[in-house]
Amino acid sequence: MADRFETGDKTGGRYTIGVDLGGTKVATALTDIHGRILQRAEVPTGAQEGAGAVISRIVDSIRAVMNTVVDGRKVSSEEVLGIGIGSPGPLDVKKGIVLYSPNLKWENIPICDPIAAAFGLPTYLDNDASVAAMAESRFGAGKGVPNMIYMTVSTGIGGGMIINGRLYRGSHGNAGEIGHMTIKPDGPRCGCGNFGCLEALASGTAIAREAAEGIRAGVATTLREKTNGDPARVTARLVGEALREGDSFAREVIHQAGNYLGIGLANLVNIFDPEMIVIGGGVSRIGEELFEPARKTMRERALAAVVKDVKIVPALLGGDSGVLGAAGLVLDQISHK
């Protein structure tokens, strides 16, 4: 894996630029066509300043990574195949518009056109979780696997499906919202407005909520000391920490989330018949205490003939999946024109 992140490799003058647009930061990278990151930049998103200011920062960060010396000379725009952007959605990927993003407080913001105009380069947009799926498929844990599902378990839950080697986008370009499949109809309200979504039951936010409710109910747990008795201070990271220290309540919360996660995985296996499921995101770092109940529930609930050969593996690219996936989006678009 290390060679995919080395700098200064010869690439025959073919580069891509990936932009990972998040609610708090914008990460940008210049990569070669093999997924090696040659230069990177990171700036605060500053969404409170408005879309124009954010796009201006993106333009500046792209200029910064293009101001790179590779093989003894500066990269020119003629050597760059294009710019890819991964953004929270929903999106209109064909028109390059962010339709709605609560984190950015954007609605109907064209993002591709001004960036394409600034550099004279083709610019493409896709969902942030979808491009992460593309990164793991092209450069990471799912490399060479034609049918793969990527799931990110973090503050929320998202993902993407690779079918016959290509990202499945759906009719409107917004496929892959796997965090919003209904798992428990009478479950807690999700941020999307529905009830009992996978995201509302197995995400980092859900884990923190369950643990906070336990503290309020007077459950014996070391989380009480870790938060000075304030349920509002509970995070999934703290629950994971308590679990590693042997806290039985923390284990119960994590195992419950893993069980719900397994129900979601069983649904995905039955629908898509994948060879592999790659799981990333901050909550996935809890490890086997989350994965084992998820695997067990998945295998109990999915069709035996479909689930028997499915591999569940951790993501490999970590925090670079966003920029690498956005860069890979350029290669995907060019190769299928």
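The values are calculated or read from the model by the stated rules, or taken from the named source; none is laboratory data. Worth saying up front: this structure is predicted, and the values here are computed from it rather than measured. No Cβ is skipped: glycine too gets one built from the backbone with ideal geometry, and neighbour counts run over all protein chains shown.
Which one is modelled with the highest pLDDT, of the residues in region 62-92 that are surrounded by fewer than 21 Cβ atoms within 10 Å (Cβ to Cβ) and within 27 Å of Thr155 (Cβ to Cβ)?
Here the answer is Asp92.
Among the residues of region 56-64, is there at least one that is within 18 Å of Gly173 (Cβ to Cβ) and touching a Phe, Trp or Tyr at 6+ places or on another chain (Cβ under 8 Å)?
The answer is no, given that none of the residues of region 56-64 is within 18 Å of Gly173 (Cβ to Cβ) and touching a Phe, Trp or Tyr at 6+ places or on another chain (Cβ under 8 Å).
Which ones in region 258-289 are of a type in the set (A, V, I, L, M) and free of Cβ contacts under 8 Å to residues at least 40 places away in the same chain?
Within region 258-289, just Ile271 meets the criteria.
Yes/no matrix, rows are residues, columns are (1) surrounded by fewer than 23 Cβ atoms within 10 Å (Cβ to Cβ); (2) under 14 Å from the mean Cα position of the chain (by Cα):
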{"site": "Ser130", "(1), (2)": "no, yes"}
{"site": "Met148", "(1), (2)": "no, no"}
{"site": "Ile163", "(1), (2)": "yes, no"}
{"site": "Gly176", "(1), (2)": "no, yes"}
{"site": "Arg224", "(1), (2)": "yes, no"}
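For region 242-311, please list each of the helices (runs of 4 or more DSSP H) lying entirely inside it that holds at least 2 residues being within 24 Å of the chain's Cα centre (by Cα), buried (at least 16 other Cβ atoms within 10 Å of the Cβ) and assigned by TED's automatic domain parsing to the domain that holds Gly179.
248-272, 288-301
Which residues, taken from region 312-337, are among the small types (Gly, Ala, Ser) and not in a helix (DSSP H, G or I)?
Ala315 - this is the single residue of region 312-337 that is among the small types (Gly, Ala, Ser) and not in a helix (DSSP H, G or I).
Here are some conditions: (1) more than 19 Å from the chain's Cα centre (by Cα); (2) surrounded by fewer than 18 Cβ atoms within 10 Å (Cβ to Cβ). Leu238 meets all but one. Which one does it not meet?
(2)
Which of the numbered conditions does Ser171 fail, given that it passes all the others? Conditions: (1) farther than 23 Å from Val19 by Cα; (2) in contact (Cβ under 8 Å) with a residue 40 or more places away in the chain; (3) of a type in the set (Ser, Thr, Tyr).
Of (1) farther than 23 Å from Val19 by Cα; (2) in contact (Cβ under 8 Å) with a residue 40 or more places away in the chain; (3) of a type in the set (Ser, Thr, Tyr), only one is false for Ser171: (2).
List the number of the failed condition for Lys184; all other conditions in (1) surrounded by 15 or more Cβ atoms within 10 Å (Cβ to Cβ); (2) under 27 Å from Pro88 (Cβ atoms); (3) in contact (Cβ under 8 Å) with a residue 12 or more places away in the chain hold.
Failing condition for Lys184: (1).
Can you find, within region 41-91, the residue that is nearest to the chain's Cα centre (by Cα) among those that are more than 20 Å from Val323 (Cβ to Cβ) and part of a strand (DSSP E or B)?
Among those that are more than 20 Å from Val323 (Cβ to Cβ) and part of a strand (DSSP E or B), it is Lys74.
Please go through region 29-61 and give me each residue that is crowded, with 16+ Cβ neighbours inside 10 Å, free of Cβ contacts under 8 Å to residues at least 40 places away in the same chain and farther than 15 Å from Gly82 by Cα, ordered by number.
Arg36, Leu38, Gln39, Ala41, Arg57, listed by residue number.
For the subset of region 100-117 comprising residues that are aliphatic (A, V, I, L, M) and modelled with pLDDT of 95 or more, which member is surrounded by the most Cβ atoms within 10 Å (Cβ to Cβ)? Before the answer, list the steps.
Just the residues of region 100-117 that are aliphatic (A, V, I, L, M), to begin with: 104, 109, 111, 115-117.
Of the ones still in play, those that are also modelled with pLDDT of 95 or more are 109, 111, 115-117.
On the way: Ile109: 20, Ile111: 23, Ile115: 21, Ala116: 16, Ala117: 11.
Within region 100-117, the match that is surrounded by the most Cβ atoms within 10 Å (Cβ to Cβ) is Ile111.
Against the condition in contact (Cβ under 8 Å) with a residue 60 or more places away in the chain and either in a loop (DSSP other than H, G, I, E, B) or under 27 Å from Ile83 (Cβ atoms) (or both), how does Val131 come out, does it pass?
yes
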